[in-house]
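Only one structure is covered here, and it is reproduced in the block below.
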Amino acid sequence: MEVTPSTGRKPDQMSTWVEDVRPSAPAPSAKVKPKVKYALPGDIAADVRKAFIGTSYMREKMVITLTRAAEAYDRKRYEEALRLGRIVADAVPGVAPVRELTGLAAYRAERWNMAKIHLRAHFTITGDAEHLPLVMDCDRANHRYRAVEKTFGELEESEPTAEVLAEGRIVMASSLADQRMYAEAIELLTKAGATKQLRNPSYRHVRLWYALADIFDRAGDTTSARELFARVVIAEPDAYDAKARLGELGSVAPRKNRKRRTTPVSKKKSAD
């Protein structure tokens, strides 16, 4: 064996070794979740493809445009949703969901005439009266009170749900109040049950209470207005501006002194 320079040299003792402390690796940064791609319901996309007349490229472009419109509406970018929705509505005017989305976007953007056109088209295609109260509200905003009354007649004849009929009555009563026909407006809502005291009111009952309170206030009946605004605040403390309106009428917002009953009396077990 060859003689090396280290021959005959003793190795260092283990006690003299120094621990080599390596810096710990930095913790991996939290992975950013990928953005979920927005997609239309399959049946709506299929309806657009079926109704569109043109190349397959343009057909898919219409689906993408409607998808962007729906996403903009969900993100409350109503002007953008309206602009995109109109492109698709012009291409496939007979597809009800397209007219519905475009009409709702126009309504939210306060483009009353355009909203009325698309929402009425939705009613013509489907026969569903769900958005007729919004059509009435568009005419009310433009002071077309005869048109409001005419659409309300259509709404009553279409056998709507209780919620839709209540909304229609609210708009009709508000239209009458705009014309200073307070007695007729109050009578309409009173017949609809707006003065009923309910322990567990539904959303439509709270809406009716608020609408009637507003009309009483406009008519100068502050006592009745205070009572109904207080009823709204007890049922839903953060509903609309009822608490502020109650304060303007010189009354403190009442507190709920009883919990809502969640179990019917007939379901409770009697004590042994």
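The values are calculated or read from the model by the stated rules, or taken from the named source; none is laboratory data. Source: prediction; values computed, not measured. Cβ sites come from the backbone with ideal geometry, for glycine too, and all protein chains shown count toward neighbours.
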Notebook entry, point to check: Among the numbered criteria (1) over 30 Å from His143 (Cα atoms); (2) of a type in the set (Asp, Glu); (3) surrounded by 18 or more Cβ atoms within 10 Å (Cβ to Cβ), which single criterion is violated by Glu100?
Noted result: (1)
Notebook entry, point to check: Before we move on, is Tyr38 at pLDDT 95 or above and of a type outside the set (A, V, I, L, M, F, W, C)?
Noted result: no
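Going by what's in this entry, would Arg180 be described as modelled with pLDDT of 95 or more, crowded, with 17+ Cβ neighbours inside 10 Å and out of contact with any helix residue (DSSP H, G or I) (no Cβ under 8 Å at 6 or more places or on another chain)? Walk me through how you get there before you give the answer.
Numbers: modelled with pLDDT of 95 or more: yes; crowded, with 17+ Cβ neighbours inside 10 Å: no; out of contact with any helix residue (DSSP H, G or I) (no Cβ under 8 Å at 6 or more places or on another chain): yes.
Taking the combined requirement at face value, the residue does not satisfy it.
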Checklist line | Boolean, Glu149 is at negative phi, among the acidic types (Asp, Glu) and in contact with a His (Cβ under 9 Å, 6 or more places away or on another chain) | finding: no
Next item on the list: All but one of (1) over 24 Å from Glu149 (Cβ atoms); (2) at pLDDT 90 or above; (3) surrounded by 15 or more Cβ atoms within 10 Å (Cβ to Cβ); (4) more than 27 Å from the chain's Cα centre (by Cα) hold for Phe216, so report the exception by its number.
Entry: (1)
